[in-house]
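The values are calculated or read from the model by the stated rules, or taken from the named source; none is laboratory data. Quantities reported herein were computed from a predicted structural model and do not represent experimental measurements. Ideal geometry is used to build each Cβ from the backbone, glycine not excepted, and the neighbour counts take in all protein chains shown.
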Amino acid sequence: MRQSQFGVIGLGVMGRNIALNIADQGISLSTYNRAIGAEKELLRQFENLVEENHDISIYDDLPQFIASLERPRKTLIMIKAGSVVDDVLHTLIPLLDQGDIVIDGGNSHYKDTLRRQEQLKAQELHFIGSGISGGELGARRGPSIMPSGHLEAYQEVSAVLESIAAKDAQGQACCTYIGKGGSGHFVKMIHNGIEYAEMQLLAEVYDLLKPRLEHEAIIDFLKTCRDSQQGSYLLDITIDILAKKEDDGYLLDKILDRAGNKGTGSWGSKAAFDYGTANTMMASAVFCRYMSSYKDQRVQLSRYREESNYTIDIDLKSLQEAYAFARLINHHQGFDLIQTASEHYGWDINLSEVSRIWTNGCIIRSELMTTCIELFKTQNTMLDNGQIIQQLKQNLSSVKRILKHVIDLGISAPCFQTAYEYWVSMTRANLPANMIQAQRDYFGAHTYERTDQARGTFFHTAW
Ligand code: 6PG
């Protein structure tokens, strides 16, 4: 029986589009999905998507699917993150042989990936955890792919993954070996944290402008941002969203202001707490989604709102500069957390390569990301780069101007606010943390260092 070069398990939105993308490359493919309940429909839908030139076999029987794969078997699992992945591995592992490779392309938590790698290693199998970004269209036409795990195992599957990935401006695959362990899913998690804050910044720009400008004028403003090196996929889709009409109005005006989330943004914020990095923007963006979920309570409490009669024409140049400022802080915070975790785990992540594979295919692709490629070739933090510092300094007055408007208008702009506070705190040689140390020592004898003594020498006072 002809054996397929590659296998895909899970024919949901991402899985079926990745499978079609793989088949587009002329790779012989076996696909599998359970034929239980509503999942039968997935198989039928997929059959209708297979094209004449595709060499695809479709199975609803796992042992037959496994038997159809050439050795060492290379199987990509595209299913919802969580315990479902463990359930699939539980049935899959007994069917596999030494040296076979399993790739998890879902949004799994990096610690789960580390655990699964150890689990499969004990069976002389390889487990690669790979972030895949770009949504449905990215999966079909070219995502950004962030694989990690055993390098030799990655080298067995790199040709397939690189063939389906988006291409950067030089035609190189937006797929690179991120590092050992769960580093690939960690980097994807931070991608999503940066994404959350980028989305929140655009929502705050819209919030500032919508009472004063028609959608077309807001679109013009966003196009000005795009023409000033602020171009990004998220900016482009925001322009499309503002333009989308329904009947006699705009669709956006009919969408309920309660934001959902699948957890990756909060995971990234938890990682900041784990590794002691001040990822204030992604955490703020997560809390903004939680705040939006209090919809009914907010409606109730809105009767207490102090309406502002402050009317100003937002200075669009200041808003554009404030947006550029906040994006720099957001990207710095994200890469800083990746670097911190990389040092903690010894992953040796190449931030320039991460920036490069994020220039196309993924949700946070942008012109700024292209700048980061060169920057991270010589530095491992954006705040060591003179041009970045210069942009932050020259745009700071605009951020202050916008935040004053925000307060006078009686609205909130948490991500703009926290970007400002991050920069101000990072540029103050002295913060009031001496008071915190004194308080901790007063009630808990937790001791403190002194400014007139060597670092690392601790003192206690009987207050
Ligand atoms: C991507 C996206 C994707 C994300 C979903 C939902 O990189 O393609 O980030 O992975 O999970 O868009 O994200 P939330 O539900 O958490 O907003």
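Checking Ser148 against (1) within 25 Å of Asn360 (Cα to Cα); (2) away from the ligand (no atom under 12 Å from the Cβ); (3) of a type in the set (Gly, Ala, Ser); (4) surrounded by fewer than 22 Cβ atoms within 10 Å (Cβ to Cβ), which single condition isn't satisfied?
All conditions are met except number (4).
Filter segment 78-111 for residues that are among the hydrophobic types (A, V, I, L, M, F, W, C) and either in a loop (DSSP other than H, G, I, E, B) or surrounded by fewer than 18 Cβ atoms within 10 Å (Cβ to Cβ) (or both) and give the result.
The answer is Met78, Ile79, Ala81, Val84, Ile93, Leu95, Leu96.
Among Ile329, Ile389, Ile363, which is without any contact (Cβ under 8 Å) to a residue 40 or more places away in the chain and either assigned to a helix (DSSP H, G or I) or of a type outside the set (Lys, Arg) (or both)?
After ruling out the rest, the residue left standing is Ile389.
Scanning for something at pLDDT 95 or above, touching a Gly at 6+ places or on another chain (Cβ under 6 Å), closer than 26 Å to Pro147 by Cβ and surrounded by fewer than 17 Cβ atoms within 10 Å (Cβ to Cβ), does segment 359-376 turn up at least one residue?
Yes: one or more hits.
Under 9 Å by Cβ, and 6 or more places apart or on different chains, what pairs join a residue from segment 215-244 that is among the charged types (D, E, K, R) with one that is modelled with pLDDT under 95 and not in a helix (DSSP H, G or I)?
Correct list of pairs: Asp220/Leu213.
Which ones in segment 98-140 are β-branched (Val, Ile, Thr), within 25 Å of the chain's Cα centre (by Cα) and more than 10 Å from the ligand (Cβ to nearest atom)?
Val102, Ile103, Thr113, Ile128
Quick one: in segment 141-152, which of the residues that are farther than 17 Å from Asn107 by Cα and free of Cβ contacts under 8 Å to residues at least 60 places away in the same chain is farthest from the chain's Cα centre (by Cα)?
Glu152
Being in contact with a Phe, Trp or Tyr (Cβ under 8 Å, 6 or more places away or on another chain) and buried (at least 24 other Cβ atoms within 10 Å of the Cβ) is the filter here, so list the residues in segment 118-132 that pass it. Before you say what the answer is, go through the steps one by one.
Just the residues of segment 118-132 that are in contact with a Phe, Trp or Tyr (Cβ under 8 Å, 6 or more places away or on another chain), to begin with: 119-121, 128-129.
Those that are in contact with a Phe, Trp or Tyr (Cβ under 8 Å, 6 or more places away or on another chain) and buried (at least 24 other Cβ atoms within 10 Å of the Cβ): Ile128, Gly129.
Show the residue pairs that are 6+ apart or on different chains and have beta-carbon atoms under 6 Å apart, the first residue being within segment 443-455 and farther than 16 Å from Pro432 by Cα, the second being basic (Lys, Arg) and surrounded by 10 or more Cβ atoms within 10 Å (Cβ to Cβ).
His446/Arg440
Could you please give the count of residues in segment 344-381 that are under 16 Å from Phe186 (Cβ atoms) and either hydrophobic (A, V, I, L, M, F, W, C) or within 16 Å of the ligand (Cβ to nearest atom) (or both)?
Result for segment 344-381: 9.
So which of Leu252, Leu256, Leu222 ends up being at pLDDT 95 or above and exposed (fewer than 14 other Cβ atoms within 10 Å of the Cβ)?
Matching residue, one of Leu252, Leu256, Leu222: Leu256.
Taking segment 225-249 on its own, how many of its residues are surrounded by fewer than 16 Cβ atoms within 10 Å (Cβ to Cβ) and among the polar types (S, T, N, Q)?
2
From the residues in segment 336-349 that are touching a residue at least 60 places away in the same chain (Cβ under 8 Å) and not in a loop (DSSP other than H, G, I, E, B), which one is surrounded by the most Cβ atoms within 10 Å (Cβ to Cβ)?
Out of the qualifying residues, it is Leu337.
Only one residue in Arg428, Arg455, Arg450 is loosely packed, with under 14 Cβ neighbours inside 10 Å, touching an Asp or Glu at 6+ places or on another chain (Cβ under 9 Å) and in a loop (DSSP other than H, G, I, E, B), so which one is that?
Step by step, each of Arg428, Arg455, Arg450 is checked, and only Arg455 is loosely packed, with under 14 Cβ neighbours inside 10 Å, touching an Asp or Glu at 6+ places or on another chain (Cβ under 9 Å) and in a loop (DSSP other than H, G, I, E, B).
Consider Val299 against the criteria (1) within 16 Å of the ligand (Cβ to nearest atom); (2) more than 17 Å from Ala413 (Cα to Cα); (3) β-branched (Val, Ile, Thr): it satisfies all of them except one. Which criterion is unmet?
Checking Val299 against (1) within 16 Å of the ligand (Cβ to nearest atom); (2) more than 17 Å from Ala413 (Cα to Cα); (3) β-branched (Val, Ile, Thr), the one that fails is (1).
If I go through segment 117-149 residue by residue, how many of them are of a type outside the set (Phe, Trp, Tyr) and either closer than 15 Å to Lys188 by Cβ or part of a strand (DSSP E or B) (or both)?
Total meeting the criteria: 18.
Within segment 303-332, can you find the residues that are hydroxyl-bearing (Ser, Thr, Tyr) and either over 28 Å from the mean Cα position of the chain (by Cα) or exposed (fewer than 11 other Cβ atoms within 10 Å of the Cβ) (or both)?
Those that are hydroxyl-bearing (Ser, Thr, Tyr) and either over 28 Å from the mean Cα position of the chain (by Cα) or exposed (fewer than 11 other Cβ atoms within 10 Å of the Cβ) (or both): Tyr304, Ser308, Tyr310, Thr311.
Here are some conditions: (1) on the phi < 0 side of the Ramachandran plot; (2) part of a helix (DSSP H, G or I); (3) in contact (Cβ under 8 Å) with a residue 12 or more places away in the chain. Glu307 meets all but one. Which one does it not meet?
The number of the failed condition is (2).
Among (1) within 16 Å of the ligand (Cβ to nearest atom); (2) touching a helix residue (DSSP H, G or I) at 6+ places or on another chain (Cβ under 7 Å); (3) of a type outside the set (Val, Ile, Thr), which single condition is Ala341 missing?
Going through the list (1) within 16 Å of the ligand (Cβ to nearest atom); (2) touching a helix residue (DSSP H, G or I) at 6+ places or on another chain (Cβ under 7 Å); (3) of a type outside the set (Val, Ile, Thr), Ala341 breaks only (1).
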